[in-house]
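To keep things clear, I will list the structure first and then write my remarks on it.
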Amino acid sequence: MRRSSIYLGFSLSCLVALGFLCFIYPHLSAEQYDRVLAEQKRVVRDLQLTDLCLFSEARYTRNLSQADWHAPFQDNPMAFDTFPSGSLVRPTVLLADDTP
Amino acid sequence: MKWLDRQRCLMDFTLSCVWRRKGKNLGFLLVYTLIIFVVCSVIFFSNALRRQADAVLHDAPEMIVQKMMAGRQELMPLAHQEDIASIRGVRSVEPRVWGYYFHPATQTNYTLIGRKDFRHGDDAVEVGQGVLRTWGAVQEDKLYFRMVDGKALDLKIAATFSAATDLVSADLIMMSQATFRRLTGMPDQFATDFSVRVRNPQECTTIAEKITGIVPGARPILREEIVRTYSALFNWRSGYMIVILSAAILAFCISAWDKATGLSAEEKAEIGILKGVGWGTSDILGMKFWEGMTVSLAAFFAGVIGAYIHVFFFSAPFFEHALKGWSILYPSFRLRPEVNLFELAVLFFLTVVPYTFITIIPIWRVSVTDPDLVMRQG
């Protein structure tokens with residue numbers, strides 16, 4: 001078999017796989033993800049939640065949008081912070097916007 | 001057809017050349033694939049999380065009203081509930097009673113929620129899956145707390161939140177409001193904050209201004225600000241990771257540039273021989289074009305497909321530690337597979353196209369010189 005045929009076959013398979021992953025798989029799995037999303041939204045609505053549970057080590061990282069203005073990582077972006085995620089997250093938009 | 005056959009012949013020859021130096025080329029291909037894999041994983045992961053946050057928090061309260069004093073959040077007096085409810089356009093005002101509980105044994109923070117309508121009674125709790133995973137001392141379905149006065153309080157786990165809701169409920173411990181107040185010592189006349197529903201979401205800003213006039217020290221937080229906070233967070237984090245990776249990317253670029261532009265003596269001699277046996281400059285350029293194209297396209301496909309599987313099928317285990325920070329408790333969640341084709345196209349043009357073209361430039365320089373001279377130099 002010609003080497004070019006092997007390579008073209010490989011590229012075509014990759015293209016088909018990528019097309020499947022980008023266009024078909026999201027539709028096939030949509031129902032499952034919609035169900036999960038609906039459940040998450042129900043919990044957020046019922047319990048009146050405001051934040052995702054991504055960083056739970058400190059109050060100002062657990063509830064980012066609710067953190068008070070003097071939480072360590074919000075003093076300034078380079079402020080010394082006890083927790084590493086303080087260096088990864090950005091201050092709430094409230095500080096930048098000056099909105100009430 | 002003749003043109004196609006010609007290109008296939010060139011490709012055959014190129015692939016033979018690549019295979020002849022397989023050790024060097026496969027090593028380069030591996031690094032190239034890894035770089036695309038990591039950059040693509042960051043893009044897929046941060047975009048998917050941003051979309052997820054946007055969708056989930058769409059049902060968050062339209063406005064949260066906190067009370068601030070001396071720059072710190074204070075408990076909100078329930079007396080203000082009526083004041084806010086009397087503002088025209090406000091549909092409802094509900095006190096939210098919540099807080100945090102640090103469990104010293106596992107060094108973990110949990111979020112406590114006190115509900116008036118809690119259906120399992122005053123001696124029970126409903127917990128997230130993360131609590132079950134981390135609490136450590138769950139015996140006979142009971143959680144042991146230390147109350148504000150130092151006394152112990154054991155509460156039965158009456159129910160758990162579904163694992164599907166881990167992204168929002170992993171660390172939640174829900175209980176009756178009376179139990180919450182007993183545990184934390186929060187007085188009856190206070191709540192943590194208010195959740196405000198408004199009739200017309202477009203009036204949120206006006207209502208927020210009125211609230212700050214009525215309630216001293218009030219700090220209204222609008223839902224759109226919550227959503228934008230998360231959007232900014234994921235932009236920031238993906239940018240941060242790209243910056244960390246930039247040293248590796250730069251090193252790769254230098255290596256790619258060096259490999260593509262610095263022809264070895266063997267390659268120079270090969271080009272001289274090809275010219276000597278009758279190959280034209282365009283044939284040699286075509287051959288090198290296919291060399292760059294085959295390597296970079298293979299790396300692109302492998303990197304992107306690998307990143308997709310890493311993020312959407314395995315929930316990005318390589319990034320878990322970077323995301324976790326110091327938190328013991330981390331939710332398990334699957335992200336909805338969605339790919340932004342524009343970003344994929346940008347990645348393609350930033351990875352495949354430059355490498356393909358930088359391989360051509362040095363070859364063009366060599367291929368336009370006299371074959372005899374090139375062979376002697378080689």
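Here are the numbers for the structure shown:
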item: Amide proton proximity set for B:Thr106, modelled H, under 5 Å, gap of 5+; result: none
item: Exposure proxy ranking, count of Cβ atoms within 10 Å, fewest first, for B:Ser41, B:Ser86; result: B:Ser86, B:Ser41
item: Rounded to 10°, Cα long-axis angle of helix B:281-308 versus longest principal axis of chain B; result: 20 degrees
item: Likely footprinting exposure, B:Val18, B:Val127, fewest C-beta neighbours within 10 Å first; result: B:Val18, B:Val127
item: Cα-centred dipole magnitude for chain B, charges only on beta-carbon of K, R (+1) and D, E (-1), debye, nearest 20; result: 440 debye
item: Shape of segment B:165-227, Cα gyration tensor, a/c cut at 1.5; result: oblate
item: Amide hydrogen neighbours beyond the local backbone of B:Glu74, cut-off 5 Å, H modeled; result: B:Lys67, B:Met68, B:Met69
item: Unit charges on C-beta of K, R, D, E only; dipole of segment B:1-111, Debye; result: 1140 debye
item: DSSP bridge pairs, segment B:76-191: antiparallel proportion in percent, nearest 5; result: 65 percent
item: Acute angle (nearest 10 degrees) that the helix B:341-367 long axis makes with the longest principal axis of chain B, alpha-carbon atoms; result: 20 degrees
item: Given charges at Cβ of Lys, Arg, Asp, Glu: chain B dipole, positive-most of B:Ala163, B:Leu347, B:Val18; result: B:Val18
item: Exposure proxy order (Cβ contacts within 10 Å, fewest to most) of A:Cys53, B:Cys204, B:Cys253; result: B:Cys253, B:Cys204, A:Cys53
item: Selection of trypsin sites (Lys or Arg not before Pro), segment B:145-177, meeting DSSP coil and at most 16 other Cβ within 10 Å; result: B:Lys151
item: Neighbour cut-off at most 12 other Cβ (10 Å), DSSP loop, trypsin sites (Lys or Arg not before Pro), segment B:43-115; result: B:Arg88
item: Shielding by partners - mean other protein chain Cβ count within 10 Å, residues of B:200-212; result: 1
item: Farthest positive-ward along segment B:76-191 dipole, Cα basis, beta-carbon charges - from B:Val93, B:Met147, B:Ile173; result: B:Val93
item: Leading residue at positive end of dipole, chain B (Cβ point charges), from B:Leu132, B:Ser246, B:Gly292; result: B:Gly292
item: Relative contact order %, chain B, counting alpha carbon pairs below 8 Å whose residues are six or more apart; result: 27 percent
item: Nearest-20 debye value, the protein assembly as shown charge dipole, Cβ charges on Lys, Arg, Asp, Glu; result: 1080 debye
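Coordinate-derived values only; no laboratory data. Small disclaimer: the values here were computed from a predicted structure and weren't measured. Quick reminder, even Gly has a Cβ in these numbers, built from the backbone with ideal geometry, and neighbours come from all protein chains shown.
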